Amino acid sequence: MSSITGITLFFTLIIFSLVVVGFANRIQMRNRLVGHKLQQMNLRIDELQAVCAGIEPLLESVLIPRLINEEVLDLIQSVKRLDAKASFVDIKLEHAQTLARALDAGQRTQPFYRGQPSDAAIAKHKHYLTEAARVVRRHRALGRLQTDEMDAYIRELAWTHLMVDVISYILQGHKAVTRKDPVVAYGYYQRAQNLAVSSKVSDDRRHRLVREIGEILAGKRLTIGTDLMPESNFNPTSTPHFTPVVTQN
């Protein structure tokens, strides 16, 4: 072998090695990018499933949870397209498919109940409602919803956003009445009424809600009408004595 042939072969091997290394690096980089994308999508699936589970008991219909669950299913299919062996979403897929069958049939998987036990729980569920509104608006932007459908969903979410606060405070007021603590009860009822009065929600039910809370504060009724507030598990059975509280105020 001549020296020229040897040098040529040597450089050929170097170039070949560089090409192989570059190709391997590109594969490694692509795998990292795909892995990062899969991680992001998995986190988003978890977020949306939490939102779906969190808002279902707050809403009077299952239409919005169904919409969010459809987005979960779309994301899972996208994960499968990126990585057909992505078994980490199989359980989530099974859950989403089971939920879809129930929601498509108009069936609830959780009872309707808007009361929350603490301010932290109220904040968490109001965050879920805000996220749901973002999903609704994104579906409209993608052409999956008509404008009138989007508007109806946003109105329902806005009403629920208010009622999570109001119902929770009324329930705390009911509990205080039951334990014979009219000062605390009055404070919770008044807080609920103030929220309803100051709300910008354009729903005719809001005016009736304000009036009925006022009647509770005036000692003229014990509870809100069940069509407005079916959450009756803490309804008091005795009339509170708010007169000293009102006098102090």
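The values are calculated or read from the model by the stated rules, or taken from the named source; none is laboratory data. Because the structure is a prediction, the values reported are computed rather than measured. Counting neighbours? That spans all protein chains shown, and the Cβs are built from the backbone with ideal geometry, glycine included.
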When region 76-112 is checked residue by residue, the ones that are more than 30 Å from THR226 (Cα to Cα) and touching a residue at least 40 places away in the same chain (Cβ under 8 Å) are VAL79, LEU82, ASP83, ALA86, PHE88, VAL89, LYS92, HIS95, ALA96
Considering only region 140-149, how many residues are in a loop (DSSP other than H, G, I, E, B) and surrounded by fewer than 16 Cβ atoms within 10 Å (Cβ to Cβ)? 4
Residues of region 49-66 being among the hydrophobic types (A, V, I, L, M, F, W, C) and surrounded by fewer than 20 Cβ atoms within 10 Å (Cβ to Cβ), which ones? ALA50, ALA53, LEU63
Which one is modelled with the lowest pLDDT among residues in region 193-227 that are surrounded by fewer than 11 Cβ atoms within 10 Å (Cβ to Cβ) and not in a helix (DSSP H, G or I)? SER202
Would you check if there is a residue in region 228-242 being in the same structural domain as ALA176 (by TED's automatic domain parsing), modelled with pLDDT under 95, polar (S, T, N, Q) and surrounded by 12 or more Cβ atoms within 10 Å (Cβ to Cβ)? yes
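For region 150-170, does any single residue satisfy the condition of being over 22 Å from the mean Cα position of the chain (by Cα), buried (at least 18 other Cβ atoms within 10 Å of the Cβ) and more than 23 Å from PRO65 (Cβ to Cβ)?
Keep residues of region 150-170 that are over 22 Å from the mean Cα position of the chain (by Cα), which gives 170.
Applying the additional criterion that residues be buried (at least 18 other Cβ atoms within 10 Å of the Cβ) yields 170.
Cutting the leftovers down to more than 23 Å from PRO65 (Cβ to Cβ) gives us 170.
Yes.
Can you tell which of GLN97, GLN28, GLN40 is at pLDDT 95 or above and more than 17 Å from the chain's Cα centre (by Cα)? Steps first, please.
Values: GLN28 fails: at pLDDT 95 or above; GLN40 fails: at pLDDT 95 or above.
On inspection, the qualifying residue turns out to be GLN97.
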Which listed residue, of ARG137, ARG191, ARG206, ARG179, is of a type in the set (Lys, Arg) and within 23 Å of ILE45 (Cβ to Cβ): ARG137
Residue pairs qualifying under the 7 Å Cβ cut-off, at least six apart or on distinct chains, with the first in region 164-175 being within 9 Å of ARG114 (Cβ to Cβ) and touching a residue at least 12 places away in the same chain (Cβ under 8 Å) and the second being hydroxyl-bearing (Ser, Thr, Tyr) and surrounded by fewer than 24 Cβ atoms within 10 Å (Cβ to Cβ), are none
